[in-house]
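This report concerns only the one structure given below.
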Amino acid sequence: MTATPEISDDAPVWARAEAFPAAPDGWGWTDRKGGQHPVSSLEELAGSIREDRSSAIDLVWTPASPRMVVPEEIPELFHALFHARRRWTAADLEHSHGQLKIFGAGVAAMVAMAWWKDQPLLTSTPLGIALLLFVMFALIPWYQAWKRGRELHSWTPESMTAAVAPLRFETWLDLQRAPFTRLFLVLMTLTGLAQIFSPAGHSSIVTAGLVKSAYLHGETWRLFTAPFLHGNELHWFMNMGALLYLGRRLEVLARWPHLVVVFLFSAWVGGEASARFVETMSVGASGGLMGWLGFLLVFETLHSRLVPRSSRRRLLAGVALTALIGLIGYRFIDNAAHAGGLLAGMIYGIIVFPKSSSPHRPQSTLTDRVVGGLALAATLASVGFAIWKVLGRS
């Protein structure tokens, strides 16, 4: 059995041995919910990984290490991991092929409908929505599965070792508490429930959304209520997925005050950009979320030793994906808010954080906490006012 090498204290927190829980005796693995599953030997541990059909195994432990580790840190598990990854990739490819057929049929149906009604394809909103769904839920998943399959052809014990750093980072990040990110999720859920139970129904978003004519005539508060409303359930679910990932990453790495301030600042700038360049009404958290993404791009570049380079590339992929989605759905996606929020988050990161060669996370200052507290109060007030308006209380 190969022991896990000692890691210097002058390393990012996720790279240290104490990043993960202490290991029980013997062998075993933990699932995504933290449940422990002891096994009797290395062979049984490898068998559990080989038969893991839902990527449920999170961490493993062996007698050689006092701490749990990611499975890729155990060279003896290479063949089991390769077998499991090959099966996951094949299953993902099979599923994505089915999605390509389903959503591709939807696009074809919309093309046929536009042709039947003699409508220009470039201005057909139903076709644009069908194409957007095709890209998001079929083409991109297929590409990701195909790419993993290509990488698997050259997967070796050496490449497995090279993958340890980003895997440790992502696993460690998932284990961290992020209460303020959860708070944002709760606030978005409360406003979503208010929209569902609003006496005005779907039109309730008019009461607190970014209606440009109302904003330009003095209702500036709409810049801060609109980010907590959503046009439909799909819009909400998509934003909440981004919120949980980006929010946790920002809160854990840069601390909670910047999470709140960046969201509020970016939502404001994104709303201003939307008001200047988009005539239709806008709702949604995308401006604030893009601000988080822009901030993380700058922050992690300035703190290059804090996050593995391959993990930072995921943020760039997020920008490219958002740009692609915005290009396809330009008729009903507020690209001005996206761009404004992204730039606002980047500018905030450049102004607030100097370049650092330290692998450690920055600590919050008293000023950070005071400004963050004020931003949090403004956020809570915005949510409360949005719910008040949506429920028809004024």
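In segment 160-174, the residues that are in contact (Cβ under 8 Å) with a residue 60 or more places away in the chain form Cβ pairs under 6 Å with partners that are outside any helix (DSSP H, G or I), at six or more places apart or across chains, as follows: Ala165/Pro308; Pro166/Pro308; Leu167/Val70; Arg168/Val70; Phe169/Pro308; Thr171/Val70. Of all the residues in segment 337-382, those that are open to solvent by less than 80 Å² (accessible area, probe 1.4 Å) and either closer than 19 Å to Phe299 by Cβ or under 22 Å from the mean Cα position of the chain (by Cα) (or both) number 27.
Of all the numbered requirements in (1) assigned to a loop (DSSP other than H, G, I, E, B); (2) open to solvent by less than 80 Å² (accessible area, probe 1.4 Å); (3) within 30 Å of Thr125 (Cβ to Cβ), Tyr330 misses one, and that requirement is (2). Being open to solvent by 60 Å² or more (accessible area, probe 1.4 Å), assigned to a helix (DSSP H, G or I) and free of Cβ contacts under 8 Å to residues at least 60 places away in the same chain is the filter here, so list the residues in segment 118-139 that pass it. Passing the criteria: Leu121, Leu122, Pro126, Phe137, Leu139. Is segment 281-300 home to any residue that is open to solvent by 50 Å² or more (accessible area, probe 1.4 Å), touching a helix residue (DSSP H, G or I) at 6+ places or on another chain (Cβ under 9 Å) and assigned to a helix (DSSP H, G or I)? Checked against the condition, which is being open to solvent by 50 Å² or more (accessible area, probe 1.4 Å), touching a helix residue (DSSP H, G or I) at 6+ places or on another chain (Cβ under 9 Å) and assigned to a helix (DSSP H, G or I), segment 281-300 yields no hits at all. Of the residues making up segment 301-317, those that are open to solvent by 10 Å² or more (accessible area, probe 1.4 Å), touching a residue at least 40 places away in the same chain (Cβ under 8 Å) and assigned to a helix (DSSP H, G or I) number 2. Filtered by the rule that a residue be in contact (Cβ under 8 Å) with a residue 60 or more places away in the chain and surrounded by fewer than 16 Cβ atoms within 10 Å (Cβ to Cβ), segment 83-112 gives a lone residue, Arg86.
One residue stands out in segment 55-82 among those that are over 22 Å from Asp174 (Cβ atoms) and of a type in the set (Phe, Trp, Tyr): the one that is least open to solvent (accessible area, probe 1.4 Å), namely Phe78. Selection within segment 255-280: residues that are part of a helix (DSSP H, G or I) and among the β-branched types (Val, Ile, Thr). The member of this set that is farthest from the chain's Cα centre (by Cα) is Val269.
Assessment of segment 241-255 against the conditions (of a type outside the set (Lys, Arg) and over 30 Å from Val370 (Cβ atoms)) yields at least one matching residue. Regarding Trp172, is this residue under 20 Å from the mean Cα position of the chain (by Cα), farther than 20 Å from Phe78 by Cα, open to solvent by less than 30 Å² (accessible area, probe 1.4 Å) and not charged (D, E, K, R)? So Trp172 passes the test. Scanning segment 221-245 for residues that are modelled with pLDDT under 95, farther than 13 Å from Ser286 by Cβ and assigned to a loop (DSSP other than H, G, I, E, B) yields a single hit, Asn232.
The values are calculated or read from the model by the stated rules, or taken from the named source; none is laboratory data. Note that the structure is a prediction, hence the values are computed from the model and not measured. Here the Cβ is made from the backbone with ideal geometry for all residues, glycine too, and neighbour counts use every protein chain on show. Keep in mind that these areas ignore ligands, DNA and RNA; they rest on the heavy atoms of the full protein, side chains included. Shrake-Rupley method; radii C 1.70, N 1.55, O 1.52, S 1.80 Å.
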